[in-house]
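Since the structure comes first, as structure tokens, the remarks are kept for the end.
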Amino acid sequence: MARPRSAGYDDQRDQILAKASALFAQQGYTATSMNQVAAACELSKAALYHYVRDKHALLALVAEAHVKRLEAVVEEVLAQPLSPEDRLRELIVRFVREYSNAQNEHRVLTEDVKFLEDVERETVLGIERRVVNAFAEAVAAVRPALRPAELHKPLTMLLFGMINWMFTWLKPAEDGQRLTHEQMAPMVAELFFGGLGAVSVPASSEPESTSRKKTPRKETAL
């Protein structure tokens, strides 16, 4: 018979994921031991294994929980009755804010997903693709002419390029920086909207030769 979960099980596991993501981000997944995770959580190693099977499973939980939170943000914004412009702006602002509170998890996502098994990695990448596609649809809704030219996805990738790497240089607590993520969020939106309107849609080009095989790519912007 399975052991029943305690009332605080989910809260404790969330704390474990937060502590683990901080350690993974600071010193790397391979250099982090389960002993260190247990010590950071003030748990015995045996107690830690009550919540996670092993370090590999812990990495999978950290990565999947992060992208699921991002997808939840997208769903919340899409559920609101907003104009196309306001919807895209809200997505941008919400993501900058979300990343500001999940910098460790985002570093793990960008640097350590390669250590996952194929099935686990594909689960994470599948969620990432849904998030990117939702953003691309929001971009196309603002500028419909981008869709026939298939520019809405590349522009979305450029947008995430601005957002994703902000954690590498925007550190308000260090070096006396005054800008915060809260202040930067609308700036990112304004910068993207200013550029979006200036993008020229190129003239249609000749269709790709059917003799050339397209190689499927696994690309995500997160």
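The values are calculated or read from the model by the stated rules, or taken from the named source; none is laboratory data. Bear in mind the structure is a predicted one, so any value in this text is a computation, not a measurement. Neighbour counts run over all protein chains shown; Cβ positions are idealised from the backbone, glycine included.
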Cβ-Cβ below 6 Å, separation at least six or inter-chain, first residue in the stretch 32-46 and more than 15 Å from residue 59 (Cα to Cα), second assigned to a helix (DSSP H, G or I): which pairs?
-> 40/19; 41/16; 41/19; 45/38
Between residues in the stretch 119-130 that are free of Cβ contacts under 8 Å to residues at least 24 places away in the same chain and residues that are in a helix (DSSP H, G or I) and among the aliphatic types (A, V, I, L, M), which pairs lie under 6 Å by C-beta distance while being six or more apart or on different chains?
-> 121/113
Out of 78, 82, which single residue is at pLDDT 95 or above and within 18 Å of residue 127 (Cα to Cα)?
-> 78
Taking residue 190 as the residue in question, decide whether it is surrounded by fewer than 19 Cβ atoms within 10 Å (Cβ to Cβ), at pLDDT below 90 and not basic (Lys, Arg).
-> no
Checked the stretch 81-133 for anything of a type in the set (Asp, Glu) and either surrounded by 18 or more Cβ atoms within 10 Å (Cβ to Cβ) or in contact with a helix residue (DSSP H, G or I) (Cβ under 7 Å, 6 or more places away or on another chain) (or both); matches are 85, 90, 98, 105, 112, 120, 128
